[in-house]
Structures are given as C-alpha cells and as structure tokens.
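The values are calculated or read from the model by the stated rules, or taken from the named source; none is laboratory data. All figures in this text were calculated on a predicted structure; none of them were measured in a lab. Note: ideal-geometry Cβ built from the backbone for every residue, glycine included; neighbour counts use all protein chains shown. The protein model used for the area step is the full one, side chains on, heavy atoms only, and it has no ligands, DNA or RNA in it. Shrake-Rupley method; radii C 1.70, N 1.55, O 1.52, S 1.80 Å.
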Amino acid sequence: MAKEPREGGRGRRDDREERDNEFVDRLVHINRVAKTVKGGRRMAFAALVVVGDQKGRVGFGHGKAREVPEAIRKATESAKRGLIRVPLREGRTLHHDVAGRHGAGKVILRAAPAGTGVIAGGPMRAIFETLGMQDVVAKSLGSSNPYNMVRATFDALVNEDAPRAVAARRGLKVSQLQARRGGADAEAGADS
C-alpha cells in the first residue's frame, strides 16, 4: 500500500517561491571591506539591495559575507523582512511633495505629471523602479553615500500620506479635503 503524498511541506515551499517571484530586486551598491588579522587581511563584501513588488511595496537591506553572491542573498532577505507600503496617486506618482533626511543625506521628492518619467539618480532611481513609480522628480542634497541616500528616501516615503488617510485622521470626507485644496489654490491665484 503506497502512501499518499501529504500536502504540508511541499506546498509551502512552492508558495514561498511564488511570493519571492513577485518581487524585483536591484543591487544598489557593493563594497569590499577588509579586516586585518594576524595572517594579513581578510576580505569580505557588503551589499545594499532594494526589493519591491512594483505595486507600491518596497524595502531595502544590507548584507555582509565573504563572497559576493552570499552578501547579496543576505541583503535581499533583509530587504524582504522590512517592506513598507507607499500610497501612489493613480499608481504612478506621489500624492504630494515630501522631503526626507538621514544623517548628512537629504532628499526632496516631488509629484510629477504623467509622462515625466523617473528623474532621479543612482540609489533613488532603483527605489522608484522597484516601487513601481513611473513619474517623479527627485533631488539629492548633501551626502551622496548610497546608504544615506537610500535611508533618506525611505524616510521621505514613510512620510507620504494618501488623501484617504488624511481625511480619516481629520474626520472629513476625501471630497471635502480636495474641495478645500481647490479653494486654497483659487485663493492663491486671486492674491497674485
């Protein structure tokens, strides 16, 4: 009598592989580090990786190992553990302009009209592409260290609010909130 295969172990591994396949990962920076020991220098590698599902979730991770592929794998696992959800307007850009900082690194992210594309450099571009953002203008000020730029960008993205969340916090309807914004724009135009 042959045993029937159980659905426990095998199914879970397949689910995890499917979940892993939905993420896109980008290597942002790789750094060779050396530790001086009695016999000489011992080389290792540090990797900075950004992971996202191109639907509004993104995370970054850092991994160190003696070999490059192992460092990248560790960084990718770390990034998947620290995913954040970013609200996008029309699934393509930010709802409002936002600034972020980490250490000496400062970034400014601005919402952009359709067709603008991703105007950002280096590490910020990797974040926006894995996030699934299609239109954004970003400027990096201060430190150009990739670690600081990535952390400053994440600081800005965490502070991004959707109109629905702001309306709920203030006890208003989204239409009332946007009507006020339209009124403020009209008043600013009348003052000019």
Amide hydrogen neighbours beyond the local backbone of Leu94, cut-off 5 Å, H modeled:
Arg89, Ala112
Show me 96-102, 165-171, 36-42 ranked by packing, highest mean number of other Cβ atoms within 10 Å first.
96-102, 165-171, 36-42
So who's got an amide H within less than 5 Å of the one on Gly132, skipping anything under 5 residues away but keeping other chains? H placed 1.01 Å off N, in plane.
Gln54
With the other protein chains left in place, how much accessible area per residue, in square angstrom, belongs to the stretch 90-183 at a 1.4 angstrom probe?
50
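A 22 angstrom limit on the alpha carbon distance is what I want to check against. Which of Lys35/Lys64; Lys55/Lys106; Lys35/Lys80 exceed it? Could the numbers behind the result be given before it?
Numbers: Lys35/Lys64 13 Å; Lys55/Lys106 25 Å; Lys35/Lys80 28 Å.
As for pairs spanning more than 22 Å Cα to Cα, those are Lys55/Lys106; Lys35/Lys80.
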The ³J(HN,Hα) series, computed from each phi in the stretch 98-103 with the Karplus coefficients 6.51, -1.76 and 1.60 at θ = phi - 60°, rounded to the nearest Hz and given as x for glycine or proline, is 8, 10, x, 8, 8, x
How large is ³J(HN,Hα), in whole Hz, for each residue of the stretch 109-119 in order, when computed from phi with the Karplus curve 6.51 cos²θ - 1.76 cosθ + 1.60 and θ = phi - 60°, using x for Gly and Pro?
10, 10, 5, 9, x, 4, x, 5, x, 8, 9
Return the carbon/sulfur percentage of the accessible area of the stretch 87-186, one whole number, probe 1.4 Å, all protein chains in place.
53
Sorted by chain and number, the residues with a modelled amide H under 5 Å from that of His29, at a separation of 5 or more or across chains, are Leu48
Computed ³J(HN,Hα) along the stretch 69-85: with the Karplus parameters 6.51/-1.76/1.60, θ = phi - 60°, integer Hz and x for glycine or proline, the list is x, 5, 5, 5, 4, 5, 5, 5, 4, 4, 5, 5, 6, x, 6, 10, 9
